[in-house]
Amino acid sequence: MAYENIRLEKDGPLAILTVDRPKALNALNSATFHEMDDAIRSLKFDETRALIVTGGGDKAFVAGADIAEMVTITAAQAREFSALGHHVFQSLENLPIPTIAAVNGFALGGGLELALGCDLIYASEKAKLGLPEVTLGVIPGFGGTQRLTRLVGRARAKELLFTADRIDAARAKEMGLVLDVVPADKLMEHCRAVAAKILKNGPLAVAQAKRVVEYGADQDLRSANELERQGFAVLFGSEDQREGMAAFLAKRPAAFQGK
Ligand code: CAA
């Protein structure tokens, strides 16, 4: 599929997905979601082991769902649009590789929801984040009400949802929404460095760590700990576990194969 609204680049084991409609501040319309879906499905995990998501141009990560597309839709169409956004962000969350949001500018509405679908969020000093949906007479429709609440707690999430405040990156970091804030021209370098660190580690172990955190977060502690026990045991059937431990004992770097 040829893409008009996104770019998918590969740099060895790292993939970079850029939402690239700078004239509309990278707003998410249905066509963009379908391209993102295709791009995510196209990833082969024996080649691609980490994904960075960012926005094209120098102003926005993603300024939300496309208001021009939504302005005339019916409730039934809104349900479909919401389902499409949920599907794409859920697929991101389900990827067996770590995903990093490089928030390089406005991350509003659906843009913040996209970042929230990633495992790690880093922001440039220029970033502005928020959920302005109530100013449009709606609420977030791509998981923002739920993922933000799980990340920063109900009270802060409600504050952002009710006030539609646009917060800067430093404030977002204070509330645990963003992990680190870096100068704009260092953002991709920072995200690449984090990805490079992860890429040195056993990919099956990283995938299990992601899986048990994600699935465990929705469960009671006992069930969640059982998930961890299963994940831990499963890894002992892998070559990576034998290689990782043998390498440690032989005082050499491990050469993981993801098997
Ligand atoms: N949808 C469609 N077009 C958008 C857009 C969006 N979400 N955000 C920006 N654009 C377009 C503008 O209409 C404008 O287009 P034209 O040049 O053709 O007029 C262009 O991008 C540049 O935007 P501005 O001129 O507004 O740029 P600015 O620097 O003055 O302001 C901004 C930047 C504060 C981000 C402002 O564009 C803005 O408030 N955007 C909307 C943010 C928003 O409300 N997002 C939530 C959308 S609803 C949602 O996401 C629902 C959901 O969860 C399902």
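The values are calculated or read from the model by the stated rules, or taken from the named source; none is laboratory data. Small disclaimer: the values here were computed from a predicted structure and weren't measured. Methodologically, a virtual Cβ is constructed for each residue, glycine included, from the backbone with ideal geometry; neighbour enumeration extends over all protein chains shown.
What the table shows:
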{"item": "Output for the stretch 201-240, where each listed residue is more than 18 Å from residue 119 (Cβ to Cβ) and surrounded by 18 or more Cβ atoms within 10 Å (Cβ to Cβ)", "result": "238, 240"}
{"item": "Selection within the stretch 11-35 - hydrophobic (A, V, I, L, M, F, W, C) and in contact with a strand residue (DSSP E or B) (Cβ under 6 Å, 6 or more places away or on another chain)", "result": "14, 15, 16, 17, 19, 25, 28"}
{"item": "Count of residues meeting criterion [among the aliphatic types (A, V, I, L, M) and touching a helix residue (DSSP H, G or I) at 6+ places or on another chain (Cβ under 7 Å)] in the stretch 1-26", "result": "6"}
{"item": "Breaking point among (1) over 23 Å from residue 184 (Cβ atoms); (2) within 9 Å of the ligand (Cβ to nearest atom); (3) free of Cβ contacts under 8 Å to residues at least 40 places away in the same chain, for residue 81", "result": "(3)"}
{"item": "Residue in the stretch 17-39 that is part of a loop (DSSP other than H, G, I, E, B) and within 14 Å of residue 91 (Cα to Cα) present", "result": "no"}
{"item": "Positions within the stretch 137-178 being within 12 Å of the ligand (Cβ to nearest atom), assigned to a loop (DSSP other than H, G, I, E, B) and on the phi < 0 side of the Ramachandran plot, in sequence order", "result": "138, 139, 140, 141, 142, 166"}
{"item": "Every residue from the stretch 105-136 that is over 13 Å from residue 89 (Cα atoms) and away from the ligand (no atom under 13 Å from the Cβ)", "result": "120, 121, 122, 123, 124, 125"}
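Quick grid of which residues meet (1) assigned by TED's automatic domain parsing to the domain that holds residue 185; (2) in contact (Cβ under 8 Å) with a residue 40 or more places away in the chain; (3) more than 14 Å from the ligand (Cβ to nearest atom):
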{"residue": "20", "(1), (2), (3)": "yes, no, no"}
{"residue": "24", "(1), (2), (3)": "yes, yes, no"}
{"residue": "31", "(1), (2), (3)": "yes, no, no"}
{"residue": "50", "(1), (2), (3)": "yes, yes, yes"}
{"residue": "58", "(1), (2), (3)": "yes, yes, no"}
{"residue": "67", "(1), (2), (3)": "yes, yes, no"}
{"residue": "72", "(1), (2), (3)": "yes, no, no"}
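For (1) in contact with a strand residue (DSSP E or B) (Cβ under 9 Å, 6 or more places away or on another chain); (2) exposed (fewer than 14 other Cβ atoms within 10 Å of the Cβ), each residue gets a yes or a no:
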{"position": "148", "(1), (2)": "no, no"}
{"position": "155", "(1), (2)": "no, yes"}
{"position": "162", "(1), (2)": "no, yes"}
{"position": "167", "(1), (2)": "yes, no"}
{"position": "171", "(1), (2)": "yes, no"}
{"position": "182", "(1), (2)": "yes, no"}
{"position": "195", "(1), (2)": "yes, no"}
{"position": "198", "(1), (2)": "yes, no"}
